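Below you'll find the structure, written out as structure tokens, and then a few comments.
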Ligand SMILES: Nc1ncnc2c1ncn2[C@@H]1O[C@H](COP(=O)(O)OP(=O)(O)OP(=O)(O)O)[C@@H](O)[C@H]1O
């Protein structure tokens, strides 16, 4: 478990993190979301003991990480995929880390295989693409087989196949009972990756809830409903408080009611549904709306 309590970090007059309190639990993939400059990297660095908080505390498994020996066995982290010695091979890089962390050498081949870099094990890291460096960073995080894993923007630079692979890997790690904490500034990236979200803006907590609860927030999600009985269904939905727009004679765009309630109503009134889909883009919208006034750097912002 990662426990962040009243955590604050100031750099001169900039408050990067402001009184953050949240808990990241094992057995879940928790997304750490916020616009650029929200304070995600600063928070991750404090969790790892790389930055000292101005005030507040952060513990991993009940202890301050800095005070623990054998770091990679307790917490595996990918903070910056470029932060590796380009002159070394992937295998040499991992072997050195295994040695200094007293991790069995056999883990090196194991994690290289896990991330699909076996064939590139002897190549210089300097020649790696960003996607390959991300894979190496993930291998590094996995090296000590730790119960807690932190990843800062791990999907950057990965191709679609790589993104799918990472999602599967994170879900498996969580299913094994580990704590998986993954940052991103894009809601769309977290949609199919995380099942719980911690959302911050300008260093402050905005939401700490399940992905489902987050997406149901604000009733602003729009649900597309296709039915040959649109004329009959529309007033039923309106009577429940929904706003209904007719896209065409068979398609309704519904806001203010979740898809499962729309399905129930249709079922009760024997209305045939041919499509019932929550618009993925509306999750992104919920995120934008929640974080809009807390975005550090907005497009066109004169600062
Ligand atoms: N070493 C530092 N010195 C001064 N200011 C800093 C330092 N590190 C971060 N900041 C400031 O703290 C704020 C939070 O930055 P941080 O990198 O933690 O945000 P982030 O959410 O990770 O953003 P991004 O998505 O862009 O990576 C920003 O205003 C940033 O400029």
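Where a number appears in this text, it was derived from the coordinates with a stated rule and is not lab data. Nothing here was measured: the structure is a model prediction, and the numbers come from that model. Cβ atoms come from the backbone with ideal geometry, glycine included; neighbour counts cover every protein chain shown.
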Mean separation of Cα contacts under 8 Å (6+ apart) over length of the chain, as relative contact order %:
21
Just to be sure I understand the model, the point goes 7 Å from the Cα along the line to the Cβ. What's the resulting residue 105 to residue 25 distance in nm?
4.3
Compute from the Cα atoms of segment 2-215 the Rg and the Dmax, the latter being the longest Cα-Cα distance, and quote both in angstrom.
16.7, 48
Subtract the Cα-Cα distance of residue 161 and residue 80 from 0.36 nm times their separation in residues, and report this length gain in nm to one decimal.
27.1 nm
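Just subtract the alpha-carbon distance of residue 1 and residue 122 from 0.36 nm times their residue separation and send over the number in nm, one decimal.
Value of the extension gain: 40.0 nm.
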With a 10 Å cut-off between alpha carbons and a GNM built on the chain, which of 246, 82, 185 moves the most?
246
GNM top mover of 34, 203, 126 - the chain, alpha-carbon springs below 10 Å
126
Net lengthening on full extension, residue 260/residue 11 (0.36 nm per residue, minus Cα-Cα)
85.0 nm
In Å, what Kirkwood hydrodynamic radius results for segment 1-111 from the alpha-carbon pair distances?
15.8
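As an exercise, use a Förster radius of 51 Å and the Cβ-Cβ distance of residue 89 and residue 36 to find the FRET efficiency, rounded to the nearest 0.05.
It comes to 0.95.
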In whole Å and largest first, what semi-axes does the C-alpha gyration tensor of segment 222-278 yield when each eigenvalue is scaled by 5 and square-rooted?
13, 13, 11
Calculated [θ] (222 nm, deg cm²/dmol) that DSSP helices of n ≥ 4 give over the chain, each run adding -39,500 (n - 2.57):
-10000 deg cm²/dmol
Among bridges DSSP assigns within segment 64-207, what percent are antiparallel (round to 5)?
30
Compute the angle between helix 160-175 and the longest alpha-carbon principal axis of the chain, please, reported from 0 to 90 degrees and rounded to the nearest 10.
80
